[in-house]
1. What are the principal axis extents of the Cα atoms in the range 94-228, in Å, biggest first?
2. Hey, can you rank 31-40, 285-294 by average C-beta count inside 10 Å, highest first?
3. Please arrange 136, 157, 497 by how many other C-beta atoms lie within 10 Å of their C-beta, fewest to most.
4. Over all directions, what mean area does the Cα convex hull of the range 238-278 project, stated in square nanometres?
5. Could you list the square roots of 5 times each eigenvalue of the Cα gyration tensor of the range 430-469, that is, the equivalent ellipsoid semi-axes, sorted largest first and rounded to whole Å?
Amino acid sequence: MSTQPGAPTSSWMRELVRGRKAPVPWDLAILTAIAVAVPVGVSLLFMSDDPAILGLGVLTSMGALVASIADRGGPAVDRARRIAVTAAFAAVGLLAGSLAFGNDVATVLIVVAASLVSGVAGVVSANASSAALQFLVYAIVGSGIDFGLRPLWLAPLVVLAGAAWRLALTGVAILLDRHPRAPERAAVAAVYTAVAAQLDAAGTPAVDAARRDVTTALNQAYDLMVSARTSLAGRDPRWRTLVTLLNAATPIVEATTAVVAEGQHVPSRVPNALRAIARSIEDPAAPAPAMPPPDRSTPGRAALASSLRLVGSLLAGDDPVTMTVPIQRPDAVGLPHVTAGDRLRSLRDHLSSGGETWFAVLRLVLCVAVAEAVSVLLPLERPYWITLTVAVVMKPDFGSVFARAVQRGLGTVVGVLIGAVVVVVLPLGWPQVIALAVLAGGMPVAIRRNYGLFSTFITPVIVILLELAHGEDPGLIVSRVTDTLIGSAIVLVVGYLPWPSTWRSARQLGSRVADVVDDVASYLTVALAPVPPDPGDGALRASSRDRSAARRATYRRLSDLRTLVQQTLAEPPPISTAAAAWWPQIVAMERVTDAITSTAIRGFHAHLSADERSVEDLRSALAAIAEAIRANRAPDPVELPDDDLLSSVSDEIGAARALLST
């Protein structure tokens, strides 16, 4: 399939160094700088001549570093949970590694076993995966460094103390926040702001990107509210109100899709009202937003007016059940509550049903085993850094292995040079501590933009900490670069190039595209299902909930697929070339989904039902597209229905079929 217009134009090498746009998390930057620099700074201030005390300060800073990596912001309870779990895993890993220190056979066995645990944990959840990575990292650190503390459990205890110090700082920052539930408020407000931007972009080339921003904002808001969901939050009226407002955004998003499809600009007072709603959500003390006068000149505008009226009533404290636009109430919000049993069942299903999971874990374990063998066989000064590089780069659920290997190598080389300048040029003591604080504060900023940039910041932090603990050793700087390059080479040669799955990724990507086409077909069936004559309010609410849930699920899968393709673009040809060729088909499916949504809104407000036979013909056409993608051929000829209500859906499906025929 040839690359069509609309595919990304940047080269795979440019994708490797391209940074993502992201706001600067000043709170996390300041917390990380203070948490990492203060413990070692205090030990230097009071006992700079005592290596044991200095070592305690360094270990405490390392514990704070673990907690800082785990803290990605968000709801308070989720932040505390991530920090606590990650620190506990790191401490256990450090203890396990320390037990093997000095024994090559025991080191290999423990580190390889830790890599197996780390790889399997990636299936459970993102938080478990991050915690298990720190378990592996600190098992490697413990097996390669003797911190001189006895008994052996003392070093892990100090790491936990450092994490507790960082957690305490986080708690203070949360208590000082003037707006309770600020992350949740910001996430819900961002949805309304994104919808306003989509209305502003209507009729311009920027409208597709604006619609994707709405999807991203919705995904992030729902993920955040799910992570904040606890029994305590469920009884918090502020949380319940935010969930209600988030659910109320769904009919606004659907109505906006219909308005954009109608091809006419709405008056500026409408997007301005949405921004006022966002300000009111983010800051409860802000003035109540004034709703624009209702405009019911088109079905899309009528739906938007009703949806805005609903949100205005919610902000005024009225009961949403009396509104004409049905939404999910806070006691039935549809937010999944994932239990430990659910996670264990998911883990069992992944491990028992798919070779793909085991192949990913096997690649990680094999690379770690090779790295350990190289560490034992080669006369290297501190060879554990090789295995550290492999562990961080090869984590199978963290994105493109090739991109991470190259970014890690480049970032570490630059980071080591920065660390060398700090160690050699700045005198031991407070100048180095200040440099440590600046570099640590840059980590939360860098990780949101590019993994190589993150490596550029975290590497000198580790170099400075280890230099403070072990004294000046110019050879250490050179060995860090050498070990990193060896580790990256192991990843590429052992964990990337020889595996058939690497070169089959384009075909696997096609299968993912076909699955998403099937999802769009399922959404079409739900959204355009016939409405029974004279339905009651309950039936209308149920129908609206089903349509909204299906639409949200479909857009999320499209968004996930787009992210996967974006990651694959950083691979070398022919993989990146094949990935770019699927981009127009993803865009086409997004447009089909938009057309389905706008058609459903138009039919609802015009009291029209789509012809069941025509809907089935459209579903069959989408199924034919999915089948053609899986078979790597042009789709079979089909006749699309000639129906006024379904014309936009037919047109977009026809355009999607045409892409596969070229």
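Read the figures in this text as sums done on the coordinates, not as results from a lab. Note that the structure is predicted; figures quoted are calculated from it, not measured. Backbone-built Cβ (ideal geometry, glycine too); neighbour counts: all protein chains shown.
1. Largest to smallest, the principal-axis extents are 68, 35, 22 Å.
2. The peptides rank, most packed first, as 31-40, 285-294.
3. Taking fewest neighbouring Cβ atoms as first place, the list is 497, 157, 136.
4. 3.0
5. Details: eigenvalues 76, 22, 5 Å².
Semi-axes, largest first: 19, 11, 5 Å.
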